[in-house]
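What follows is one structure encoded as structure tokens, with my remarks underneath.
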Amino acid sequence: MDMLKKIFPFSFNVKEKDVTSLIVSIIIYIVVMVVSGIVMALLSLIPIINLLTGIVGWVVELYAVVGIVISVLNFFNILK
């Protein structure tokens, strides 16, 4: 669990029954997804970097989705 706290710091800032912290955490992850999507779209215009951009974009999107899931689980106090 300590390793998850280091990888997903915003997810573990969410307190049980604190809707504001959950919304802030979700907004942070959505902003990360949008910004990375814009950067990846711009970088994908370069033919050589196109494949690498797709892989990095997929990893960032996966990180954000897992972060949102951990935030919700922490909100409902499922994670110990």
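Just one residue in the set Ile28, Ile23, Ile38 is part of a helix (DSSP H, G or I), among the hydrophobic types (A, V, I, L, M, F, W, C) and open to solvent by less than 60 Å² (accessible area, probe 1.4 Å); that residue is Ile28.
Residues in the range 6-20 that are part of a loop (DSSP other than H, G, I, E, B) and surrounded by fewer than 16 Cβ atoms within 10 Å (Cβ to Cβ): 5 in all.
Answer with yes or no whether Ile70 is assigned to a loop (DSSP other than H, G, I, E, B) and open to solvent by less than 80 Å² (accessible area, probe 1.4 Å). Considered against the rule, which asks whether it is assigned to a loop (DSSP other than H, G, I, E, B) and open to solvent by less than 80 Å² (accessible area, probe 1.4 Å), Ile70 comes out as no. State whether the residues of the range 45-55 include one that is modelled with pLDDT of 95 or more, part of a helix (DSSP H, G or I) and among the β-branched types (Val, Ile, Thr). So far as the range 45-55 goes, no, none of its residues is modelled with pLDDT of 95 or more, part of a helix (DSSP H, G or I) and among the β-branched types (Val, Ile, Thr).
Without any contact (Cβ under 8 Å) to a residue 40 or more places away in the chain and more than 13 Å from the chain's Cα centre (by Cα) - does that describe any residue in the range 63-78? Scanning the range 63-78, I find at least one residue that is without any contact (Cβ under 8 Å) to a residue 40 or more places away in the chain and more than 13 Å from the chain's Cα centre (by Cα), so the answer is yes.
So which of Met40, Met1 ends up being modelled with pLDDT under 90 and not hydroxyl-bearing (Ser, Thr, Tyr)?
On the way: Met40 fails: modelled with pLDDT under 90.
Only one candidate qualifies: Met1.
The values are calculated or read from the model by the stated rules, or taken from the named source; none is laboratory data. None of these values were measured; they are calculated from a predicted model. Because the Cβ atoms are built from the backbone with ideal geometry, glycine has one as well, and the counts that use them run over all protein chains shown. In case anyone asks, the SASA skips ligands and DNA or RNA and just uses the protein heavy atoms, side chains included. Shrake-Rupley method; radii C 1.70, N 1.55, O 1.52, S 1.80 Å.
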